[in-house]
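Take a look at the structure set out below.
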Amino acid sequence: MSVELLKGNVAFAEAAVRAGCEAYFGYPITPQTEALEHMAKRMPELGRVFVQAESEVAAINMVYGAAAAGMRTMTSSSSPGVSLMMEGLSYMAGSEVPAVLVDVMRGGPGLGNIAPAQSDYLQMVKGGGHGDYKMIVLAPATVQEMIDLTLLAFDLADRYRIVSVLLADGSMGQMMEGAELPPMKPLAERPAWALTGARDRDTNLVSSIHLDPEEEETFNLHLQAKYAEIEANEVRFEEHLLDDARVAVVAFGTAARVAKTAIAGLRAEGVAAGLLRPITLWPYPEAALRDLAARVDALLVVEMNAGQMVEDVRRIVEGRVPVRFYGRTGGVMPMPEEIADAIRETASAGAASGAPADTAAGGSDAPAQEVPA
Amino acid sequence: MTIQAPEPLLTPVYQYPESLTHVPTHYCPGCTHGIAHRLIAEVIDEMGVRQDTIGVASVGCSVFSYRYFATDFAQAAHGRAPAMATGVKRANPDKLVFTYQGDGDLASIGAAEILHAAVRGENITVFFVNNAIYGMTGGQMAPTTLEGQKTTSSPAGRDAATTGAPLRMSELLAQVDGAAYVVRRSLHDVVQIRRAKKAIRRALEVQRQGLGFAMVELLSSCPTNWGLAPDAALAFIRDEMVPVFPLGDLKVPDEPAAGAPA
């Protein structure tokens, strides 16, 4: 294998092909359409399934069907399209079929724009559709990770019979970087529970209905047990310059990349800053974050939204350390200097507050929130 | 002493279809869903394809149809059965895949999914049970509700000026190039039931031959929500529904389906 110059959207699509994805269903939407176009060419030439659906509603239900038939299958979209998929994602959770969804997020709400954003964090990490369910959410920060995490997404989806989400943003989808694609994987056998025709076996049913409340609760308890197992086994994160850090940034995806640049500059000035980058947004690196909160003076959460992951960070940190927030919204990318300023402010506020204190609300915990004019 | 049946009685002429489970249905007395199920099951038996057939249930009274067919089954979201069936069929091109949908499911919330399944010439078979009302939720107006028909959401009768006229899905879908076979039949008497069975057979044969999208619309009764006795409900289909939803082939394949009963 060799390093190639690859666009993020093409990289994850080709990675899916090589992961053994046999069926792709999608609908054009910027800024992920190159993925659909790549699949339109690649899947038929490999004798695999490509369907351009009439809507994202239809696309996710086609994925549901192919997943119910036991095929490795996926769709990709961007924020407004992903909103339309919430119904299907809930049904897929309720019937425990595996699939992969790639959300290349853009500015919103509403039609918003086509610039990069991270404002689907809550929708993806907290479920989004109806009912108590989770999806594994992976946040790439490089084109190489668009590839590697797509492979992981399929493996985790199959292992846990769950939907895995690759939560990227418009810049991840559109940027080109050197990256290495994996070799082609052999196609997987259909699992025993799949709908393949009841030849010489009992009939299979893929359904999300449990009319009896006690039965539905039993199913929910089963789901929760599965989710606990995932939380125990599948947490992934990156620690960057945290050994001696007095102030730490928590950020994912593109925001984390920009934060790294800011941190490099601050380090040169002698500021002991570091970064915790969650790679799995669910399951969240809760233990790593708690451990970090016990070691630093203050935390700064940087996101390309109005403050979504910061809710989880504050929940997990439980006031042990001041948590500040810096975000840009609407598709505006934060610049390294802005983040550096926010880190400096966070560092001085953290130093002033002394030892970890009860600062869950107000005071130094007040968000250093950017409100673009 | 054992009683030996006379020889001719040992030859069964009417059996419980192998493609039906022995689960009692939840359908109301006089509802024709049971007849539709039985006809589909008989045809699957006669074609010998029970082990190669996958059904997709919808939402509405037919939500539990998966309980009654002894085939692999998926249970789809409301209106999305044709999309889900698309995924199932594309993953299993050598299997027969059918959806079983009511009129609220197919003609209202799932109008886009059924239309584009037909547009793609998706090689699936759709059984469309039209009883001109939402049954499961208690008798609300459907796109197929007749003008003047009283429902719980059109208590003064359906007013075409504000709610439109009944939507004829079979006529609509017959216009689509990808649709190979579109037919409307009724379940209101024995003659019509026998014709319906032939249409069901042909629709599955069309799929087996890979000719494209096939749909059998079955005019069906809803005594409970129509507020009619079972026999009066069958008369309502004949006298009120058939004039609005004329029976017959709306579209047939260019070549007659080999093996299909005439």
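What to note about this one:
- Contacts under 6 angstrom Cβ, first residue in region A:197-218 being hydrophobic (A, V, I, L, M, F, W, C), partner surrounded by 10 or more Cβ atoms within 10 Å (Cβ to Cβ) and not in a loop (DSSP other than H, G, I, E, B), 6 or more apart: A:Ala198/B:Gln51; A:Ala198/B:Asp72; A:Leu205/B:Tyr66; A:Leu205/B:Phe73; A:Val206/A:Ala68; A:Val206/A:Ser95; A:Val206/B:Ala74; A:Ile209/B:Gln75
- With a requirement of 3 or more residues that are in contact (Cβ under 8 Å) with a residue 40 or more places away in the chain and over 20 Å from B:His37 (Cα atoms), the helices (runs of 4 or more DSSP H) lying completely within region B:148-249 that satisfy it span B:169-174.
- Of all residues in region B:71-82, at least one satisfies being under 16 Å from the mean Cα position of the chain (by Cα), in a helix (DSSP H, G or I) and either under 24 Å from A:Ser90 (Cα atoms) or in contact (Cβ under 8 Å) with a residue 60 or more places away in the chain (or both).
- B:His116 passes every criterion in (1) over 14 Å from B:Ala85 (Cα atoms); (2) open to solvent by 40 Å² or more (accessible area, probe 1.4 Å) apart from (1).
- Within region B:38-50, residues that are within 14 Å of chain A (Cβ to nearest Cβ) and more than 14 Å from B:Thr21 (Cβ to Cβ) sit with their Cβ atoms under 8 Å from residues that are open to solvent by 20 Å² or more (accessible area, probe 1.4 Å) and in a helix (DSSP H, G or I), at 6+ positions apart or across chains, in these pairs: B:Met47/B:Arg201; B:Met47/B:Arg208; B:Val49/B:Arg208.
- Against the conditions (1) free of Cβ contacts under 8 Å to residues at least 60 places away in the same chain; (2) away from chain B (no Cβ under 11 Å); (3) charged (D, E, K, R), A:Arg48 satisfies every one except (2).
- Some residue of region B:59-82 being of a type outside the set (Lys, Arg) and more than 14 Å from chain A (Cβ to nearest Cβ): no
- Just one residue in the set A:Glu14, A:Glu87, A:Glu56 is charged (D, E, K, R), more than 14 Å from every other protein chain (Cβ to nearest Cβ) and either touching a residue at least 24 places away in the same chain (Cβ under 8 Å) or closer than 23 Å to A:Gln144 by Cα (or both); that residue is A:Glu14.
- Members of region A:163-216 found to be open to solvent by 50 Å² or more (accessible area, probe 1.4 Å) and hydrophobic (A, V, I, L, M, F, W, C), listed by number: A:Met176, A:Met184, A:Leu187, A:Ala188, A:Ala192, A:Trp193, A:Leu205, A:Leu211
- Qualifying residue in region B:23-34 (condition: in contact with a helix residue (DSSP H, G or I) (Cβ under 9 Å, 6 or more places away or on another chain), in a helix (DSSP H, G or I) and within 11 Å of another protein chain (Cβ to nearest Cβ)): no
- The set of residues in region B:86-106 being open to solvent by 10 Å² or more (accessible area, probe 1.4 Å) and at the interface with chain A (Cβ under 8 Å from one of its Cβ atoms) consists of B:Lys89, B:Arg90, B:Lys95.
- Of everything listed in (1) of a type in the set (Val, Ile, Thr); (2) farther than 21 Å from B:Val59 by Cβ; (3) open to solvent by 20 Å² or more (accessible area, probe 1.4 Å), the single unmet condition for B:Val182 is (3).
- Check on A:Asp243, part of a helix (DSSP H, G or I) and acidic (Asp, Glu): no
- Summed over region B:114-126, residues that are part of a helix (DSSP H, G or I) and either at the interface with chain A (Cβ under 10 Å from one of its Cβ atoms) or of a type in the set (Ser, Thr, Tyr) (or both) total 4.
Here's the yes/no breakdown for (1) of a type in the set (Phe, Trp, Tyr); (2) over 17 Å from A:Met124 (Cβ atoms); (3) within 14 Å of another protein chain (Cβ to nearest Cβ):
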{"site": "A:Ile162", "(1), (2), (3)": "no, no, no"}
{"site": "A:Gln174", "(1), (2), (3)": "no, yes, no"}
{"site": "A:Ala188", "(1), (2), (3)": "no, yes, yes"}
{"site": "A:Leu195", "(1), (2), (3)": "no, yes, yes"}
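- Residue that is surrounded by the fewest Cβ atoms within 10 Å (Cβ to Cβ) [pool: residues in region B:123-139 that are more than 21 Å from B:Arg185 (Cβ to Cβ) and either in contact with a Cys (Cβ under 8 Å, 6 or more places away or on another chain) or of a type in the set (D, E, K, R) (or both)]: B:Met136
- The single condition from (1) closer than 22 Å to A:Ala67 by Cβ; (2) more than 9 Å from chain A (Cβ to nearest Cβ); (3) surrounded by 24 or more Cβ atoms within 10 Å (Cβ to Cβ); (4) not polar (S, T, N, Q) that B:Ile109 fails is (3).
- Checked against the criterion of being at pLDDT 95 or above, of a type in the set (Gly, Ala, Ser) and open to solvent by 70 Å² or more (accessible area, probe 1.4 Å), the candidates A:Ala273, A:Ala232 yield just one match: A:Ala232.
- Residue within region B:95-113 that is assigned to a helix (DSSP H, G or I), under 24 Å from A:Ser90 (Cβ atoms) and of a type in the set (Asp, Glu) present: yes
The values are calculated or read from the model by the stated rules, or taken from the named source; none is laboratory data. Worth saying up front: this structure is predicted, and the values here are computed from it rather than measured. All Cβ positions, glycine included, derive from the backbone under ideal geometry; neighbour counts span all protein chains shown. Remember, those area values only see protein heavy atoms, side chains included, never the ligands or the DNA or RNA. Shrake-Rupley method; radii C 1.70, N 1.55, O 1.52, S 1.80 Å.
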